[in-house]
Every structure is written in structure tokens, then in C-alpha cells.
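Asker: First the structure, then my questions, so here it is.
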Amino acid sequence: GMLRSIPVDFPQQVAIHPRTGQLYVLAGRHEALIRYDSESPARLREARLLRLSPDGKEELSLPIEDAYIKQRKDTSYPDYRISMAVDFTGARPVVWLGLAYPPPRGAKWSLLRIPDEGDRFAEPRDVCPRPEGALLDQPLQLALDRERDILYVNDDSSKLTRFKGDGTPLPPFRVQTEANGKTN
């Protein structure tokens with residue numbers, strides 16, 4: 001059964017520090033769009049990263065920059081979606097945010113690395129800066145290999161990209177297969 005509840009406006013994703021019990025919450029303002037007499041699901045319009053104490057008190061808050069290059073807040077389709085992963089293995093946690101929508105080719109950022117410095121969140125750093133390093137497709141899923149200090153990013157094209165824990169990109173996987181007697 002439910003042990004307790006913690007009030008957070010518009011929670012999206014949650015990660016709990018296994019040692020301290022602190023909660024890391026990706027939250028944001030939602031708005032549903034009513035079009036043609038039907039209501040669409042609520043979409044994320046503003047995002048923020050929160051760190052809460054185990055008893056639910058807000059310790060830190062960081063607004064996440066709107067991902068759009070053009071201001072689209074006044075249009076009927078300005079939503080964006082973010083995937084989150086938190087690495088708790090180091091001395092201080094590191095939060096990763098991947099922009100799942102809009103596509104990174106038309107956005108201000110694509111994959112943010114945000115260290116928790118204790119008294120504040122560090123300035124978010126896009127580890128795939130525009131234009132040359134931007135991800136080509138949306139990072140829909142993030143997975144951490146804490147033992148090897150690697151972040152895996154699965155994008156919209158089912159391509160797997162890897163980053164070291166400091167945000168340095170790793171070379172792509174090289175897979176050798178044999179087809180018709182040829183090695184690819």
C-alpha cells in the first residue's frame with residue numbers, strides 16, 4: 001500500500017538516491033489542448049529539475065531551458081518531452097536529460113549533463129552541442145552502466161550512442177557480421 005505522498009506539481013519522472021533517500025524529480029507545467037471538441041493528453045510546456053529531501057521538502061530547483069530555437073509558446077503545439085537518468089555512483093549525483101521531442105536538429109540542446117554540487121545544481125552542459133555534435137534523432141531512452149561509467153542513449157532511429165560519465169562521447173560500436181561472404 002501507499003506509505004505516504006509528497007506534493008509535487010506536475011511530476012514527470014522520479015529517481016531516488018539509494019543511500020540518502022533524496023528524490024530527483026523532473027517536473028513541469030502541463031496543458032491539454034482541446035481541438036475539434038476533443039481533449040488531447042496534457043503536454044509538457046515548462047520543465048524544471050527538483051531535488052527533494054526524503055521528507056519531501058524542496059532543496060534545489062533548476063528551470064530547464066525551453067528546447068525550441070523559435071519561440072513557440074503561443075502556438076497550439078509547443079510541447080516538449082524529456083527523458084531522465086540519474087547516476088548515483090560518484091561522490092555527487094549527476095542528472096542526465098535527453099530531449100525526446102522536438103528533434104535535436106531543430107532544438108537548442110539535445111543531451112544535458114547536470115551535476116548536483118550539493119548546494120546547487122551545476123550549469124547544464126549540452127554534451128552534444130549544435131551543430132556538429134547534435135544528436136540526429138531524439139534520445140528516447142537513457143540507461144546508465146554505473147560500473148563502467150557509461151551512459152547509453154537509444155534514439156528514434158534505434159541507434160545506440162555512448163558517453164563517458166563526464167559527457168565525453170565514445171566511439172560508435174563496430175559490429176562485424178558476415179553476409180554473402182562479406183564482412184560489414
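The values are calculated or read from the model by the stated rules, or taken from the named source; none is laboratory data. Since the model is a prediction, treat every value here as computed from it, not as a measurement. All accessible areas refer to the heavy atoms of the entire protein, side chains included, with ligands and DNA or RNA removed. Shrake-Rupley method; radii C 1.70, N 1.55, O 1.52, S 1.80 Å.
Asker: Would you pull out the residues with amide H under 5 Å of Ala100's amide H, same chain only if 5 or more places away, H placed 1.01 Å from N?
Answerer: Correct list: Arg81, Ile82, Ser83.
Asker: Using a 1.4 Å probe and ignoring any ligands, DNA or RNA, find the accessible area of Lys57 and quote it in Å² to the nearest 10.
Answerer: Using a 1.4 Å probe on the heavy atoms, I get roughly 130 Å².
Asker: Subtract the Cα-Cα distance of Arg148 and Thr20 from 0.36 nm times their separation in residues, and report this length gain in nm to one decimal. If you can, show how the numbers build up before the last one.
Answerer: Numbers: separation 128, 0.36 × 128 = 46.08 nm, distance 2.25 nm.
Length gained, Arg148 through Thr20: 43.8 nm.
Asker: Could I ask something else about it? Want the number for Glu123 to Gln13: 0.36 nm per residue separation, take away the alpha-carbon distance, what's left? All intermediate terms of the calculation are to be shown ahead of the outcome.
Answerer: Values: separation 110, 0.36 × 110 = 39.60 nm, distance 2.03 nm.
Full-extension gain reported as 37.6 nm.
Asker: Ordering Glu123, Glu117 by how much accessible area each has at a 1.4 Å probe, largest first, what is the list? Provide the component values of the computation, followed by the final result.
Answerer: Details: Glu123 145, Glu117 85 Å².
Descending accessible area places them as Glu123, Glu117.
Asker: Which length gain, in nm to one decimal place, applies between Arg92 and Lys164 when the Cα-Cα distance is subtracted from 0.36 nm times their residue separation?
Answerer: Details: separation 72, 0.36 × 72 = 25.92 nm, distance 1.59 nm.
In short, 24.3 nm is gained.
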